[in-house]
Amino acid sequence: KTKVQVVAAKHGVKVAKECAPKLAALVKALEARNITRNNLQFVGVSPKERIHQYRIIRDLCNEARVLRNQVLDIANFSEEGSEKTADFLNGRQMKYATKALRRAARLNDGIVDVKAERKAIYKKLNCSEFRDRLRSAMCMDVFDNLSRLSHYQFHCVLLPIIQRSNNAHIILLKEIQQKLKHAIQYDATIVKEFTSPAKELVISGKLSGYLNVAMHGDRKSFFTLSSPWEHLAEWGEFDKQEFDSIWEMLMFAGSIGYPITVERSSASQMNPYLLSVKEIRASLADTASLCCAHRSEIPVYGPEGGSPVQDILVLIDPSMPRSSKMICGSKLLGEKYTSAVVSRDLEMYSGFNMRVALHSNGLFSLFACRDMGQDKSDIVANLRRMYMGRAFMCSSCGFGPIDHFACSDLMAHHRQRVGGAAVVNNACPRCGWFSSSLHDWSTWDGNVCDEFILSKLKSSPKAVECGLSEVTIDLILRILYSFDKMSSEVVKDEYSKLATMMTKGEYLDLSARSGILGMSQILIAILHPSVGNENEIISALNLESCLVSVIQEECVRSARQRFRMKSGGDKETARMLATEWITEVLGVEATSAPFTRPQMQAEPSIENVRQDCHDWYEVNSKLAVAEMKHVQGVVTQWCRAWSFARNFRETVASREGGWQKIMSDMETGLSSYQDVVNALKMAKIDTPQELLGMNHKEIQSFFLGIGVGGILAGVLDKSCQVESYLQHDAILHEAAREMRMIIYMDRVREKMIKWKLTGESEVYYEAMAADIAQFHGMVSMRSHVHGFDKPTFWGLWNAAKNSKDAEKISLFLETAAESFHHKYFDEFAKFM
């Protein structure tokens, strides 16, 4: 027995249950007293120092936490339920956890040996081959980025950035550019042909830093203020540290990504597409710092404020495509960290679908409609995206960003009249401070004054009146880019088949039976330009019935999940709750449902009863409004995604080079694909009324109808035709009839239960009182007596034999089975 089992068996669990919450409160107080945000420092900290900080913080309250966990184990231990206790102690108490662990074990050749696995991961990351491959990939990313720059981008964008930092680097940069230009083909070994200073400019990451600032918006983690190159470079330092766990390895090196808010369920352990991404934030963070904070049990917040950062969506970075793909596909980040995000466990990785699910669900969350258009975080994030690293701010009052781009002599055009009445003003817009030299202007620090934000908010239209923000569109493009880069041809073929399926017929089967694990897979299929036939998909996106099929299946799955959660996972309880809800929302009363016939009379066929059943309803407005609001959110989100997909496909098709050129431009820098962002920003996002061609009254009826229909199909297994949703309240009439039929079937079941208890005696007394003609009528209702149910059979036989009526006995036995006839014929032959 374990120590926990011995203590629990000797002292019982009662004392532990009383002590556990008190001890938990004590530990929480100790943590609040001893651990503060100041204990963790991320800026300018090496990976080794990050691990050192974690270990110090971990040890502060470690003994108290161990005691708390032991007492919690004792409190959850029970001699009566040893199997349940074993599941708890093994961390398998959640639904589907055991199945998920078995699946993960199969992918790891049978048994998950954590210690051996950690050593294997460390060995692979610590070898010289990995470091050389990573270094080569990082250099190639920089060379490709530099070689793709246009003449304007190189001379008017990049060089001024370098000039402000180190003038000597301009000569080295031109040397590198010339080497790349003259090489017909090059690889990472071309760096050997550079002079030592030029080689150092590349290897040190300074050139990547200049490109990051000039072309990619100075992308940095707000935790560390480090660039993508600097975070990738940490993966080459695993030889400098020893690790106690895989978690420490995740704290040592990570990648930049976007903070996300995730909702998990037990079922998402088996199907990662059931994971729900509620929000993606635009401010970049890194996984290593976040893992360190989480394991230290210290909450960390983004620059937007709000709730603490919990998870990060890791994407392949267009500014470092080769190296970030290599890291994102590694076992440590691609499998272990993905498993932690999806399941909060390092050993639950079940395959590539986990990574795709985070991409697709994150993509779908970007189309959620908020009450207002831009908010403060949108405005600040968009300004930082466009101007961070290249813009200036007033050295007097701090106002920024001010765009003095590619202009070193500010006096040359100051107060110059252009375009008639317009006058160039290079002074500070807020305080009027001015200097003709760029060196006197401070580099913008990313802060935006409240007056500017307020003016933007006042001029910002409602979300229903405007398209998506630039930040959101950029995130969509980055997720699609990452999906394209990380997916094999086999995966793309699967989504091509799904896209093709979307183009076949008006009414589609999008259920799990068709192989669709999550509805966000459909979004990838209709959005990703490398998937499916362009013209056919655009045609499908213009089909109203195709959109309704998607919305219907989304509501079906949503209803199933809602009622399963309400019922604690019990299917029958979910059916009961769903029936009660629909009955109440449609005002269906039991008195309006069909009644059964008297006990001795058979029921008519179900088809006849259904045909005669009433279908009228009277909506409960309170329940209906709540359901319509829920469904409206789902429908609006899909309509926004559908409308954007249509605009996006058309934009990509009309742009020279298509999607492949857009991806290449994304690797070059923000300005190279700004035309795509602008076109999509200006494109109209249609409302549900516009896409479905309905007026206000019709769309409200549609919301209620598709919500009720989703519950019918998802919980009660009563499928509805897609065209029913487009007919005015047809689905509500069908649902009202179905509820009455459910009430009727309950009455039939009650009749059958009563029949089993009293049927035999009722048949017996009726048969005893019947004359021979009436008895013949009762027996001849079936071709043979064994066709009757048990109460009728024995009631008729007992009446015949107890009446000692030869004719009744003969009538019964002549249609009985041969064995039954022989058994009783001799006994009653004297009466015949």
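At a glance:
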| read-out | value |
| --- | --- |
| Matching helices (runs of 4 or more DSSP H) fully within the stretch 669-777 where at least 2 residues are within 30 Å of Asp509 (Cβ to Cβ) and open to solvent by less than 20 Å² (accessible area, probe 1.4 Å) | 688-692, 696-714, 722-726, 730-769 |
| Selected residue [in contact (Cβ under 8 Å) with a residue 24 or more places away in the chain and either closer than 30 Å to Gly334 by Cα or of a type in the set (A, V, I, L, M, F, W, C) (or both)] from Asp113, Asp187 | Asp187 |
| Matching residues in the stretch 9-23 - criterion: being within 38 Å of the chain's Cα centre (by Cα) and modelled with pLDDT under 75 | Lys17, Ala20, Leu23 |
| Neighbours by Cβ (under 9 Å, 6+ apart or cross-chain): first from the stretch 712-728, under 27 Å from Glu572 (Cβ atoms) and at pLDDT 70 or above; second open to solvent by 60 Å² or more (accessible area, probe 1.4 Å) and of a type in the set (Gly, Ala, Ser) | Leu712/Ser719; Ala713/Ser719 |
| The stretch 419-428: number of residues that are part of a loop (DSSP other than H, G, I, E, B) and at pLDDT below 80 | 6 |
| From the options Thr687, Thr668, residue that is touching a residue at least 40 places away in the same chain (Cβ under 8 Å) and farther than 19 Å from Phe702 by Cβ | Thr668 |
| Number of the condition not met by Phe563 [criteria: (1) open to solvent by 20 Å² or more (accessible area, probe 1.4 Å); (2) within 23 Å of Leu275 (Cα to Cα); (3) of a type outside the set (Lys, Arg)] | (1) |
| Residues of the stretch 568-599 that turn out to be outside any helix (DSSP H, G or I) and either free of Cβ contacts under 8 Å to residues at least 24 places away in the same chain or touching a Leu at 6+ places or on another chain (Cβ under 6 Å) (or both), as a count | 5 |
| Among (1) surrounded by fewer than 19 Cβ atoms within 10 Å (Cβ to Cβ); (2) assigned to a helix (DSSP H, G or I); (3) touching a Ser or Thr at 6+ places or on another chain (Cβ under 9 Å) - the single one Ile170 does not satisfy | (3) |
| Any hit, the stretch 367-386, residues being touching a Ser or Thr at 6+ places or on another chain (Cβ under 8 Å), open to solvent by less than 30 Å² (accessible area, probe 1.4 Å) and modelled with pLDDT of 85 or more | no |
| Qualifying positions in the stretch 468-515 - part of a loop (DSSP other than H, G, I, E, B) and crowded, with 20+ Cβ neighbours inside 10 Å | Leu468, Ser469, Ser487, Leu508, Leu510 |
| Pair list, Cβ < 7 Å and 6+ apart or interchain, from the stretch 805-822 residues that are in a helix (DSSP H, G or I) to residues that are open to solvent by less than 30 Å² (accessible area, probe 1.4 Å) and among the small types (Gly, Ala, Ser) | Lys808/Ala800; Ile809/Ala800; Phe812/Ala800 |
| Failed item in (1) open to solvent by less than 30 Å² (accessible area, probe 1.4 Å); (2) in a helix (DSSP H, G or I); (3) within 25 Å of Ala391 (Cα to Cα), with Leu149 passing the rest | (2) |
| In the stretch 624-661, the residues that are farther than 21 Å from Glu470 by Cβ, acidic (Asp, Glu) and touching a residue at least 60 places away in the same chain (Cβ under 8 Å) | Glu627 |
| Residue in the stretch 813-823 that is within 20 Å of Ala602 (Cβ to Cβ) and surrounded by 17 or more Cβ atoms within 10 Å (Cβ to Cβ) present | no |
| Selection count where residues are under 24 Å from Val277 (Cβ atoms) and of a type in the set (Asp, Glu), scope the stretch 513-537 | 0 |
| Residues (part of a helix (DSSP H, G or I), under 26 Å from Met486 (Cβ atoms) and open to solvent by 60 Å² or more (accessible area, probe 1.4 Å)) located in the stretch 519-560 | Glu536 |
| Members of the stretch 30-54 that are part of a helix (DSSP H, G or I), open to solvent by less than 80 Å² (accessible area, probe 1.4 Å) and at pLDDT 70 or above | Pro47, Arg50, Ile51, Gln53, Tyr54 |
| Test: residue in the stretch 263-270 that is touching a Phe, Trp or Tyr at 6+ places or on another chain (Cβ under 8 Å) and within 30 Å of Gln53 (Cα to Cα) | no |
| Flag if Gly217 is without any contact (Cβ under 8 Å) to a residue 24 or more places away in the chain and more than 24 Å from the chain's Cα centre (by Cα) | no |
| Residue under evaluation Leu543, criteria (1) over 23 Å from the mean Cα position of the chain (by Cα); (2) at positive phi, criterion not met | (2) |
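Residue-wise test of (1) of a type outside the set (Lys, Arg); (2) touching a strand residue (DSSP E or B) at 6+ places or on another chain (Cβ under 8 Å); (3) in a helix (DSSP H, G or I); (4) open to solvent by 30 Å² or more (accessible area, probe 1.4 Å).
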{"site": "Arg610", "(1), (2), (3), (4)": "no, no, yes, yes"}
{"site": "Ala641", "(1), (2), (3), (4)": "yes, no, yes, no"}
{"site": "Ala645", "(1), (2), (3), (4)": "yes, no, yes, no"}
{"site": "Glu650", "(1), (2), (3), (4)": "yes, no, yes, yes"}
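The values are calculated or read from the model by the stated rules, or taken from the named source; none is laboratory data. The shown structure was predicted, so the numbers you read here are calculated from the model rather than taken from an experiment. Glycine gets a Cβ as well: all are built from the backbone with ideal geometry, and neighbour counts include every protein chain shown. Keep in mind that these areas ignore ligands, DNA and RNA; they rest on the heavy atoms of the full protein, side chains included. Shrake-Rupley method; radii C 1.70, N 1.55, O 1.52, S 1.80 Å.
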